[in-house]
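Below: the structure, in structure tokens.
The values are calculated or read from the model by the stated rules, or taken from the named source; none is laboratory data. Note that the coordinates shown come from a computational prediction; the quantities given were computed from them, not determined experimentally. Cβ: placed from backbone, ideal geometry, glycine included. Neighbour counts: every protein chain shown. Side chains are part of the model used for accessible areas, which takes the heavy atoms of the whole protein and leaves out ligands, DNA and RNA. Shrake-Rupley method; radii C 1.70, N 1.55, O 1.52, S 1.80 Å.
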Amino acid sequence: MSEHRTGAPGRVKEVTSLANPLVKDIKALALKKFRDSQNAFLAEGLKLVIDALDLGWSIKTLVFAKTAIGNAAVEKVAARTVAAGGTVLEVSEKVLTAITRRDNPQAVVGVFAQRYMPLKDIRPERNDVWVALDRVRDPGNLGTVIRTVDAVGAKGVILIGETTDPFSLETVRATMGSIFAVPIAKATPEAFIAWRKGFHGLVAGTHLKGAVDYRSVEFSNRPVLLMMGNEQQGLPDNLAEICDRLLRIPQAGRADSLNLAVATGVMLFEIRRSALKLDPEA
Ligand code: SAM
């Protein structure tokens with residue numbers, strides 16, 4: 001490993017070896033146990049990294065391809081990383097491919113500190129909308145839900161029980177950057193049920209046995225907690241019991257149910273119907 005200066009202020013480490021300990025640590029972030037022990041995760045792409053920095057996320061390491069040398073935006077991000085006390089690595093394509101586990105990797109990758117919102121700090125008011133996901137298993141579903149929560153202007157996501165990791169590479173990719181905009185909390189079922197007792201608003205569960213058409217409910221002008229069930233099993237009884245209403249999305253055809261992320265999207269656009277305008281100024 002050698003060090004040299006590029007056009008970016010601050011020192012940049014040049015790394016070409018997969019055996020480099022810094023690279024090994026970043027590659028290890030593919031596994032949850034290392035993401036948790038390092039309290040870190042990866043986000044790919046220059047735009048995402050800039051958005052994350054703008055939103056106040058703490059960058060540990062910026063990795064960029066040699067091909068990005070001379071790119072003013074990349075050099076600015078490198079300078080911000082150094083100013084924030086982070087490390088900057090200039091790497092070969094081979095190293096980037098290994099870190100991201102993809103051919104044709106993005107030229108810029110950021111390693112950020114994970115961040116969870118404590119459940120006790122969530123105190124919904126006015127027309128705030130939160131989504132609670134019971135034991136979500138699929139990273140694509142979780143990422144899509146986080147992206148949709150962002151898109152409709154809901155406030156955040158509560159993960160109940162054993163769930164897929166919101167900071168896995170696959171989930172982060174599926175969020176398309178919304179991981180940095182949407183607060184995430186996690187809770188055991190017991191802690192969640194205890195917290196729900198202090199929630200003053202509508203707790204809307206979705207259930208295939210729900211007797212109420214989701215379009216018949218007035219969601220506006222009060223906080224809403226939307227509860228979605230696990231992909232295989234749906235909401236268990238102890239979570240269904242704490243809902244004010246169990247809602248169903250009517251279906252035709254042969255499908256038993258909707259995909260979790262699709263059902264969440266349908267619900268969120270209905271819940272936020274009156275808040276969403278094509279032109280908010282109109
Ligand atoms: N076999 C599961 C069950 O019995 O509930 C299917 C779960 S479904 C794939 C995942 C979640 O999406 C459900 O728990 C529910 O929250 C939501 N969902 C899917 N289709 C729905 C529908 N038609 N009405 C209400 N919720 C639905």
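Per-structure values
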{"read-out": "Evaluation of Leu225 against (1) assigned to a strand (DSSP E or B); (2) within 7 Å of the ligand (Cβ to nearest atom); (3) of a type outside the set (Phe, Trp, Tyr) (one fails), failing number", "value": "(2)"}
{"read-out": "Any hit, region 185-192, residues being assigned by TED's automatic domain parsing to the domain that holds Gly153, under 26 Å from the mean Cα position of the chain (by Cα), of a type in the set (Ser, Thr, Tyr) and more than 12 Å from the ligand (Cβ to nearest atom)", "value": "yes"}
{"read-out": "Single match in Asn238, Asn259 (criterion: surrounded by fewer than 16 Cβ atoms within 10 Å (Cβ to Cβ) and within 7 Å of the ligand (Cβ to nearest atom))", "value": "Asn259"}
{"read-out": "Among residues of region 21-73, those that are part of a loop (DSSP other than H, G, I, E, B) and without any contact (Cβ under 8 Å) to a residue 60 or more places away in the chain, counted", "value": "4"}
{"read-out": "Qualifying residue in region 207-217 (condition: within 23 Å of Arg126 (Cβ to Cβ) and either away from the ligand (no atom under 15 Å from the Cβ) or at pLDDT below 95 (or both))", "value": "no"}
{"read-out": "Among (1) within 12 Å of the ligand (Cβ to nearest atom); (2) over 26 Å from the mean Cα position of the chain (by Cα) - the single one Glu231 does not satisfy", "value": "(2)"}
{"read-out": "Checking Asn39 against (1) of a type in the set (S, T, N, Q); (2) modelled with pLDDT of 95 or more; (3) exposed (fewer than 15 other Cβ atoms within 10 Å of the Cβ); (4) more than 30 Å from Leu260 (Cα to Cα), the condition it does not meet", "value": "(4)"}
{"read-out": "Extreme residue, nearest to the ligand (Cβ to nearest atom), among residues of region 244-256 that are assigned to a loop (DSSP other than H, G, I, E, B) and open to solvent by less than 70 Å² (accessible area, probe 1.4 Å)", "value": "Ile249"}
{"read-out": "Qualifying residue in region 124-136 (condition: out of contact with any helix residue (DSSP H, G or I) (no Cβ under 9 Å at 6 or more places or on another chain), in a loop (DSSP other than H, G, I, E, B), open to solvent by less than 40 Å² (accessible area, probe 1.4 Å) and of a type outside the set (D, E, K, R))", "value": "yes"}
{"read-out": "Which numbered condition Ser274 misses (of (1) part of a helix (DSSP H, G or I); (2) in contact with an Asp or Glu (Cβ under 8 Å, 6 or more places away or on another chain); (3) away from the ligand (no atom under 13 Å from the Cβ))", "value": "(2)"}
